[in-house]
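The structure under discussion appears below in the form of structure tokens.
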Amino acid sequence: MPNLRISEVAALLGVSDDTVRRWIDQGRLESAPLDNGRMGVSGKELAEFLEAEPQPPELGRTVAASARNRMRGIVTRIVKDTVMAQVELRAGPFRIVSLVSRESVDELQLEVGSVAVASVKSTHVVVEIPES
């Protein structure tokens, strides 16, 4: 298993080097010696850390997003299987259907009647002209 430099761990997690060092000092993340004598983190340790804390508290919640097409609506239908879920949302006259992981639906506590926002960001959008 590879050992990663603190800067590599920080880049992978989207935090500063100091944050990773602080986690090591707090005992939240175990350090491992690198070939150059410096300290790092083993890949296995990092994976276990991420499983235990999927989103470190320092990352916080999203306050902005790059998607500009956001439609607020109400969930009208959810079909779940063991891995995936189909979520239907009505936003005004529009019906939006999204295929997401079941885990996401459960974490968001989505159910029929929930108010939700559909954010759409796509490289392929079809524009049509309706019949007159």
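We did not get these values from a lab; they are worked out from the coordinates using the rules stated. These numbers were taken from a predicted model, which means no experiment stands behind them. Counting neighbours? That spans all protein chains shown, and the Cβs are built from the backbone with ideal geometry, glycine included.
Cα convex hull, segment 69-118: 65 Å³ per residue, rounded to a whole number. For the chain, the alpha-carbon coordinates run over 73, 31, 26 Å along the three principal axes, in decreasing order.
Using helices alone, I'd like the mean residue ellipticity at 222 nm for the chain: each DSSP H run of four-plus residues gives -39500 (n - 2.57), total over residue count, nearest 500. Result for the chain, helices only: -7500 deg cm²/dmol. Over segment 69-118, what is the relative contact order in whole percent, taking alpha-carbon pairs under 8 Å and six or more residues apart? Dividing the mean separation by the residue count of segment 69-118 yields 45 percent.
For a Förster distance of 41 Å, can you work out the FRET efficiency between the beta-carbons of D18 and V125, rounded to the nearest 0.05? If you can, show how the numbers build up before the last one.
Values: r = 41 Å, r/R0 = 1.01.
Computed FRET efficiency for D18 and V125 comes out at 0.50.
Descending by average beta-carbon neighbour count within 10 Å, the peptides 115-128, 34-47, 98-111 line up as 34-47, 98-111, 115-128, the highest first.
Using 1/(1 + (r/R0)^6) with R0 = 35 angstrom and r between the beta carbons of R68 and E48, what's the FRET efficiency to the nearest 0.05? Efficiency computed from Cβ-Cβ geometry: 0.40.
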